[in-house]
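Everything below concerns the one structure shown next.
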Amino acid sequence: MRIALATLLIAGTLPALAAETPSYGPELQGFDYPHEIKRFNFDSQGSSLQMAYMDVQPEKANGRTVVLMHGKNFCGATWEGSIKALTQAGYRVVVPDQVGFCKSSKPAHYQYSFQQLASNTNALLEQLDIDKVTVMGHSMGGMLATRYALLYPDQVEQLAMVNPIGLEDWKTLGVPYLSVDQWYQRELKTSAEASRNYQKNTYYAGEWRAEFDRWVDMQAGMFKGPGKEIVAWNSALTYDMVYTQPVVYEFANLKMPVLLLIGEKDNTAIGKDAAPEAMRSKLGNYKALGPATAQRIPDATLVTFADLGHSPQIQQPERFHKALLEGLQLKR
């Protein structure tokens, strides 16, 4: 009887536990951003699309604009602390959600490439009449920011990357290819529990604080909501983009000053869990990848955080932003 009663009690709590994760729409409807959301409407690949973005003005402008590019499992909202630090220092900050992510369009068919996303972002900046920017990308956003800097070198006065992925070419190292259909099936299984465990071990180097739950809810809520299939489909398409379009071989072509901010406890590598077990420990070694990447870039400044993970700007914001603002002081 005790076992049966315990089983009933556990079963009764499961819906309540599930209800703790909010459910958001396919364009993250219901999740609040820290600043007003604006929409950039444009046509691309035969479809009418919209990019959600924040454009935050400082009280006392220093004449510079920073464009923040989010990562694969992140959104413009996750730059909340950085937006505050940058605007307080006088920077105008533009923060788009890329097509396929968060509050922006999720087309049923789209040929994703970093070139396409960079072109979309450039069109947004043209509409805003912005011709000089500092571009900062985190995680996958580091790959996109690199591509943007390579495509528009005259527009980018400085490039900053926060724990960018793509510092190694996983496919040449032997990480097996997963088809879009395989990625789609994996993404359909996204849950708050799995996201929390992954974020704890990768983003925050084993640390967890209550405020991190907001970002778990943001990600898992889209995969739980009424548009979860189109969310998972676009996520699968962008995983294919990340895996097949490395930028690591082009770092030597960057012509602007580059600031690398690296949490050395990071161990991110796309598809690592599908790789042979003996290979997994060798992938995503940011303590080694940071210096190796800095050596490839002609004008690089490397800042490391020995005890931080994939998201140092969230894990230790005051410490991170102090280093960021110092690193953004261009020598003129």
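What to note about this one:
- Fully extending the segment from Lys132 to Trp208 would add 23.6 nm, taking 0.36 nm per residue of separation and subtracting the current Cα-Cα distance.
- Dipole magnitude of the range 30-327 about its Cα centre (Cβ charges: Lys, Arg +1; Asp, Glu -1), debye to nearest 20: 340
- Translational diffusion of the range 274-320, µm² s⁻¹ [Kirkwood Rh, Cα pairs; Stokes-Einstein; 4 °C; 1.567 mPa s]: 102
- Ascending count of other beta-carbon atoms within 10 Å, so fewest first, for Lys189, Lys200: Lys189, Lys200
- Full extension of the segment from Val180 to Glu229, taken as 0.36 nm per residue of separation minus the current Cα-Cα distance, would add 16.3 nm.
- Pair Ala274, His109: separation of 7 Å Cα→Cβ label points (nm): 2.4
- With R₀ set to 45 Å, the beta-carbon distance separating Ala306 from Gln45 gives a calculated FRET efficiency near 0.55.
- Leading residue at positive end of dipole, the chain (Cβ point charges), from Ile270, Ala89, Leu68: Ile270
- Matching label, Rg and Dmax of the Cα atoms in Å computed from the structure shown, candidates [x] 19.8, 77; [y] 19.2, 58; [z] 22.6, 71: [x]
- Charge dipole of the range 30-327 about the Cα centre (unit charges at C-beta), most positive-ward option of Gln127, Leu324, Gln313: Gln313
- Mean Cα-pair separation over length for the range 30-327, i.e. relative contact order, pairs under 8 Å, 6 or more apart, %: 18
Coordinate-derived values only; no laboratory data. No experiment lies behind these values; they were computed from the predicted model shown. Counting neighbours? That spans all protein chains shown, and the Cβs are built from the backbone with ideal geometry, glycine included.
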